[in-house]
1. On the given criteria, is residue 180 charged (D, E, K, R), outside any strand (DSSP E or B), surrounded by fewer than 20 Cβ atoms within 10 Å (Cβ to Cβ) and touching a residue at least 24 places away in the same chain (Cβ under 8 Å)?
2. Go through (1) more than 18 Å from residue 493 (Cβ to Cβ); (2) touching a Pro at 6+ places or on another chain (Cβ under 9 Å); (3) among the basic types (Lys, Arg) and name the single condition residue 225 misses.
3. Counting just the residues of segment 459-495 that are of a type in the set (Phe, Trp, Tyr) and in a strand (DSSP E or B), which one comes out nearest to residue 444 (Cα to Cα)?
4. If you go through segment 266-298, how many residues are charged (D, E, K, R) and farther than 27 Å from residue 443 by Cβ?
5. Assess whether residue 407 counts as being assigned by TED's automatic domain parsing to the domain that holds residue 277, out of contact with any Lys or Arg (no Cβ under 8 Å at 6 or more places or on another chain) and more than 23 Å from residue 333 (Cβ to Cβ).
6. In this structure, does residue 342 turn out to be hydroxyl-bearing (Ser, Thr, Tyr) and surrounded by fewer than 18 Cβ atoms within 10 Å (Cβ to Cβ)?
Amino acid sequence: MNGINKRCLAVLAIFFSVFIFLTYKIYSIACLQKNTLMTSYNAQNTSLEKVTDLNFNVLDCNGKQLLKYQQEYYAVINPYIFLKNNSDSNLYNLRALTYTLRSYNKDYDLFNDTIKTENQKLYWKIDEDTYNKIKNIKDVNGFYSYVYYKVDRSQAADISNIITNSKDNNNNNKDKNSLEYEIANRLKNNNYNQKAFQRDVYGNLTNIKDVKNDHSVNVKLTIDKEMNDKVNNILQEDEFKNYNQISAVVMESDTGKIRVLTQKNLNKGNVNAGVEDGYLFPGSIFKIVVEEAALESNSITTTQKFQDTGKYNQEGKTGSYTASEAFIVSSNEAFMKMGNLTGYNNIYKYAKAQGLLDKVLDLNYEQYGIPKLDPNSVGDISLMSIGQKFRITPLEALSLPNTVINNGTYVKPNIVEGYVDENEKVVHTPETIRKNVFSTNTANIMKEQMRQVVLDKKGTAHLAYVSNNDIGGKTGTSTRIEKEKHVDGWFVGFFKIKDKYYSAVVQVPDIQNSEEAGITAVPVFKRIVEELNK
């Protein structure tokens, strides 16, 4: 009897042990492993769709979105789920879906036998109207639709478009020292925003949710969208309708932060970077550098006179000018003589020191001035002294007024304010490059002369005058022969918004042969000053 009791107790103990073990396993599966199993289940029953073609945003200096998007609409069919699980589907919805898709495109046929041979999901591009008709159909298994946000690339010249150029997403065509390459590499680990379509084991769509890129880093530009839009609107005004192209850059003088970078026709290449029309002879705006080099090298004195015989100006006016007087009236002959006294090497030195002969923003396709002149040729030095026979971009030209208003200190223009997280906390700030180029005394002389170009009745930019503002600058009218004659107008200058100085460049390519910068580029500059001070 005792033996039987012992065996019963042993069996009972084994039974309870198995029961406790199974209870623990059930508890473990139901509670401890719940999250892991649910994650695995959801992954097997979830379709993820990328909804943007960029994994980062481009923001202005105030955190506003700069990119423009076009919406594309897609219907997605999973052939396996669609064919397997639609026997009990709402027949009315299935017919409505089929009819709507075929009305848009006769090839979008859900009952076509070719679907049976498909192993991959089918992506059918549709229009907005079709999307709105089918997006709420939930009872057809193996089907869903979504919106894809694609960057609008129509405005090729827009800076946010340039730095996110989809053709260069894999860095295949990028200079490894370019700004685009740097941005792409800094942000390459960002995830893309996605939409998750969850279904049950029967293929029924149970939930749709957004999968946000919460840990991304975005690029924040120095551009001020409000200022940029104002200037862009000015370039479209009727007053300037006869000009096919106008470019404008406005920069905060002390920081080098570019607040405005735009042009009248944004569908062409970026003129300010010299990609199309903007890579031009600077004309008389380059006289700023010539006089700076002349003063700093002690090649001339401030009282020295230069004779102008009228040979190199359209009016044939003659006169005897000091450097200051020659600058205000923009005497070509006086500056040719001044340039030859100063010498090619001195002029080149001060141009180079201000970034005139290098890329400014390091954009992939940005142009930059490369003088191909004979340093020992009187003729070449003469042409260089009046801004002919070599080319620069508007971005390079920014340093002409800016180094002057900064008392002889060159501040390299920059376009990237920094890299920020989703909460706009800065994770990296690029270094601002500054260097002293010439003395404060030379800067003060040039500053006053540039003011007189606007204030003096003989000045070539008297149309730039705006009351209650400190404005100075230099006009430039250049001529180039490219199959036929072209004349281009420039104005570079400084002005104030409240108590802060800004430097600006306006370029108007292909003006009439009889026109000059004083009546083409200068009025655009004036409108910019007026509008940005409102």
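The values are calculated or read from the model by the stated rules, or taken from the named source; none is laboratory data. Just so it is clear, the model here is predicted, and its values are computed rather than measured. Methodologically, a virtual Cβ is constructed for each residue, glycine included, from the backbone with ideal geometry; neighbour enumeration extends over all protein chains shown.
1. Working: charged (D, E, K, R): yes; outside any strand (DSSP E or B): yes; surrounded by fewer than 20 Cβ atoms within 10 Å (Cβ to Cβ): no; touching a residue at least 24 places away in the same chain (Cβ under 8 Å): yes.
For residue 180, the condition - charged (D, E, K, R), outside any strand (DSSP E or B), surrounded by fewer than 20 Cβ atoms within 10 Å (Cβ to Cβ) and touching a residue at least 24 places away in the same chain (Cβ under 8 Å) - is not met.
2. Of (1) more than 18 Å from residue 493 (Cβ to Cβ); (2) touching a Pro at 6+ places or on another chain (Cβ under 9 Å); (3) among the basic types (Lys, Arg), only one is false for residue 225: (2).
3. Initially, segment 459-495 is screened for residues of a type in the set (Phe, Trp, Tyr), giving 465, 490-491, 494-495.
Filter again for in a strand (DSSP E or B), leaving 490-491, 494-495.
Working: 490: 23, 491: 20, 494: 14, 495: 15 Å.
Among residues in segment 459-495 that are of a type in the set (Phe, Trp, Tyr) and in a strand (DSSP E or B), the one nearest to residue 444 (Cα to Cα) is 494.
4. Let us first name the residues in segment 266-298 that are charged (D, E, K, R), namely 268, 276-277, 287, 291-292, 296.
Keeping just the survivors that are farther than 27 Å from residue 443 by Cβ gives 268, 276-277.
Count: 3.
5. On the way: assigned by TED's automatic domain parsing to the domain that holds residue 277: yes; out of contact with any Lys or Arg (no Cβ under 8 Å at 6 or more places or on another chain): yes; more than 23 Å from residue 333 (Cβ to Cβ): yes.
When the stated conditions are applied, residue 407 passes them.
6. On the way: hydroxyl-bearing (Ser, Thr, Tyr): yes; surrounded by fewer than 18 Cβ atoms within 10 Å (Cβ to Cβ): no.
The answer is no for residue 342.
Residue by residue, here is whether (1) without any contact (Cβ under 8 Å) to a residue 24 or more places away in the chain; (2) more than 30 Å from residue 364 (Cβ to Cβ); (3) buried (at least 16 other Cβ atoms within 10 Å of the Cβ) holds:
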position: 113; (1), (2), (3): yes, yes, no
position: 122; (1), (2), (3): no, yes, yes
position: 127; (1), (2), (3): no, yes, no
position: 150; (1), (2), (3): no, no, no
position: 154; (1), (2), (3): no, no, no
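Rundown of residues vs (1) touching a Phe, Trp or Tyr at 6+ places or on another chain (Cβ under 6 Å); (2) within 30 Å of residue 412 (Cα to Cα); (3) at pLDDT 95 or above, yes/no style:
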| site | (1), (2), (3) |
| --- | --- |
| 209 | no, no, no |
| 226 | no, yes, yes |
| 232 | no, yes, yes |
| 253 | yes, yes, yes |
| 257 | no, yes, yes |
